[in-house]
Amino acid sequence: MENKKEKTAPDVSVGADTEQPISKNTISSISENGGNIKSFEEMQRKMQLGLDPSYLKTISMNELFDTQYGSKQPLIDGLLYPGTYIFAGSPKLGKSFLMAQLAYHVSTGTPLWNYPTRKGTVLYLALEDDYRRLQERLYRMFGTESTDNLYFSVSASQLGNGLDEQLARFVAEHRDTKLIIIDTLQKVREVGGDKFSYASDYEIVTKLKAFSDHYGICFLVVHHTRKMESSDSFDMISGTNGLLGAADGAFVMQKEKRTDNKAVLEVAGRDQQDQKLWLNFNRERCVWELTKTETELWKEPEDPLLEKIKELITAEQPEWTGTATELTEFLQVEMQPNALSRKLNVSLERLLIEYGIQYRSERGHEGRRIYLTYMGSQRDDM
């Protein structure tokens, strides 16, 4: 009997994002029976097209605006988001101490350098360490203040040769997993092949990104920088540009002198602003402390529509349900109902994170209805 190997992450086409919609608005009104028949026929047609290798899946601009996409809440506000990130620095720089620090703060939900942090399970693959060294390092950093949400492993399979299955099983057993740290990339690369080609670098990060996108988690992949200096810190990441090209972002850590306690951490990514942070290593506590940042994080200006929703959806009045037309009247705004729905689709993530209000839109027997629910501060979900 043929054994079929179970897939642990979806096969994905080449592209930056594979995010799936959570709902889609249908503008035109259709009768219930006729609508069901048409919807079923359309679903069949799309399934048949999907089996055609010559079919290119596309989405129109109208469909894009009429679709709700799930929010990507940051693990650490303004610093770390779901996705796949490279963390690069020269050897013996103190990267492992910073990885342990990040892991501990996410697993406990305690703020890191005054950055609000959301609590979740963390897996730290410390593949260049042993458990004795980890025990000693963590005790020096945090004393006996432990957490049940932080897991370690000092050995793992390689990507494409068992690691995918190991990580999928861990995530299945720990549903609230938010962060997986791989220290280092070289330890999980497949043996053989061209390790230093653009295609190889791009492929390995694409595999990790497919996994992180599928499960909605963050991969932080530790890697080394090259010795050659560059005016652009991100050009110093060892390997080709394929690593950075496929990743959602990168962190580059540098010191002027290896023996120095001071370091600069540069951050760039698709979901966070470019930043430069100056750190100082506290040798007594073995933790990195933030001394200054290059600039204050830019904040979006207040949105008049979201501010109106904030005033009306509160802990005292936590729910509202109705049509888009009814919502325009409820908020007393001069907007077309369709424009209002699209605006909320685009602002779904901001409405939840900044205002603590969940928005969803669903089609029922009586047409499409909007649901607004007060969830409380999402910055305190820690």
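The values are calculated or read from the model by the stated rules, or taken from the named source; none is laboratory data. Fair warning: this is a prediction, and the values are worked out from it, not measured in the lab. Every residue, glycine among them, receives a Cβ derived from its backbone with ideal geometry; neighbour counts consider all protein chains shown.
Rundown of residues vs (1) surrounded by 14 or more Cβ atoms within 10 Å (Cβ to Cβ); (2) acidic (Asp, Glu), yes/no style:
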{"site": "303", "(1), (2)": "yes, yes"}
{"site": "321", "(1), (2)": "no, no"}
{"site": "333", "(1), (2)": "yes, no"}
{"site": "357", "(1), (2)": "yes, no"}
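Filter the stretch 54-85 down to the residues that are closer than 30 Å to residue 129 by Cα and part of a loop (DSSP other than H, G, I, E, B) and list them by number.
Hits for the stretch 54-85 are 74, 75, 77, 78, 79, 81, 82.
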For the stretch 197-224, the count of residues that are under 25 Å from residue 122 (Cα atoms) and at pLDDT below 80 equals 1
Take residue 95 and decide whether it is touching a Gly at 6+ places or on another chain (Cβ under 6 Å) and not aliphatic (A, V, I, L, M). yes
Can you pull out the residues in the stretch 57-76 that are within 23 Å of the chain's Cα centre (by Cα) and among the small types (Gly, Ala, Ser)? 70, 71
Do you know which residues across the stretch 312-338 are within 31 Å of the chain's Cα centre (by Cα) and under 17 Å from residue 373 (Cα atoms)? 312, 313, 314, 315, 318, 319, 320, 321, 324
Out of (1) modelled with pLDDT under 95; (2) buried (at least 17 other Cβ atoms within 10 Å of the Cβ); (3) farther than 27 Å from residue 93 by Cα, the odd one out for residue 194 is which? (2)
Which of the residues spanning the stretch 70-85 are on the phi > 0 side of the Ramachandran plot and crowded, with 22+ Cβ neighbours inside 10 Å? 83
Residues that are surrounded by 11 or more Cβ atoms within 10 Å (Cβ to Cβ), in a strand (DSSP E or B) and acidic (Asp, Glu): does the stretch 269-289 have at least one? yes
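Hand me the list of strands (runs of 3 or more DSSP E) wholly inside the stretch 86-187 holding 1 or more residues that are buried (at least 21 other Cβ atoms within 10 Å of the Cβ).
121-126, 177-183
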Six or more apart or on different chains, Cβ under 6 Å: which pairs go from a residue in the stretch 114-136 that's under 19 Å from residue 149 (Cα atoms) and of a type in the set (Ser, Thr, Tyr) to one that's assigned to a strand (DSSP E or B) and modelled with pLDDT under 95? Could you list them? 117/76
